[in-house]
Amino acid sequence: MSWELHIHLIAAVSWIGGSVFMFILGVSLRDKSDQKAVYPRIGPIFGYFEIGSLATLLITGTLMIINNGLINILLDSSIHNKAIDALRHKLILVAIMTIITTTHTIIAFKTNNKERTKLEMIISRASSMGIFILNFMVLHYAIVIRDII
């Protein structure tokens, strides 16, 4: 196994584990005063940690695609097999998750220690749920690819 895969796996565990923790924290903290006590303190720390994890995933994933000569195969729509199709699906989900995460992070940092508007609240909660669900979909495709190769 390449060093990129090891780093990629560590970053994936960090990313998914952190996202699950924050999702459970968000569901369990129903009292507004508890939320106001917790989120402003751990939110920025978690945000920077998750940005680092996501950046690491994107960099190592890109390196593995390039180093394994997959870039041309992925871009050639006439080539199909289970592993390549699963990787294409995974990459589409990663792109969507990156956009959702960027949106969520911008709102989170912009509104830290401030009252969110109704729209910001809806987008923030929807993006959190989207990230949570997409994590498991991406993980599914990672498992499918690993089983094939």
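One table, with the values for the structure above:
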quantity	calculated
Value of D in µm² per second that Stokes-Einstein yields for the chain, Kirkwood Rh from Cα pairs, at 10 °C (1.306 mPa s)	95
Euclidean distance between Cα centres, the stretch 62-141 to the stretch 19-47, Å	22
Size of electric dipole in the chain: Cβ of Lys, Arg +1 and of Asp, Glu -1, about Cα centre, debye, nearest 20	500
Per-pair calculated FRET efficiency, R0 = 41 Å: Thr117 and Leu5 via Cβ, rounded to 0.05	0.45
Around Asp85: net Lys/Arg minus Asp/Glu count, Cβ-Cβ under 14 Å	+1
Value at 222 nm in deg cm²/dmol, rounded to 500, when DSSP H runs of n ≥ 4 in the chain each add -39,500 (n - 2.57)	-30500 deg cm²/dmol
Residue-count net charge about Gln35 - beta-carbon cut-off 15 Å; Lys, Arg +1, Asp, Glu -1	+3
Of Lys32/Lys118; Lys32/Lys90; Lys90/Lys114; Lys36/Lys90, pairs whose Cα-Cα distance is over 27 Å	Lys32/Lys90; Lys90/Lys114; Lys36/Lys90
Environment charge of Leu119, counting only residues whose C-beta is closer than 15 Å and scoring Lys/Arg +1, Asp/Glu -1	+3
In degrees, nearest ten, helix 82-110 long axis to first principal axis of the chain (Cα)	20
Intensity falloff of the stretch 70-149 expressed as log10 I(q)/I(0), Debye formula with alpha-carbon point scatterers, at q = 0.11 Å⁻¹	-0.41
Of Leu54, Ile122, Val138, farthest towards positive along the dipole that unit charges on Lys, Arg, Asp, Glu beta carbons give the stretch 3-148	Ile122
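Bear in mind these aren't lab numbers, they're just calculated from the coordinates by the rules spelled out. Treat the numbers as computed from the prediction; the structure is a model and nothing was measured. Here Cβ is always computed from backbone atoms with ideal geometry, including for glycine, and neighbour counts include all displayed protein chains.
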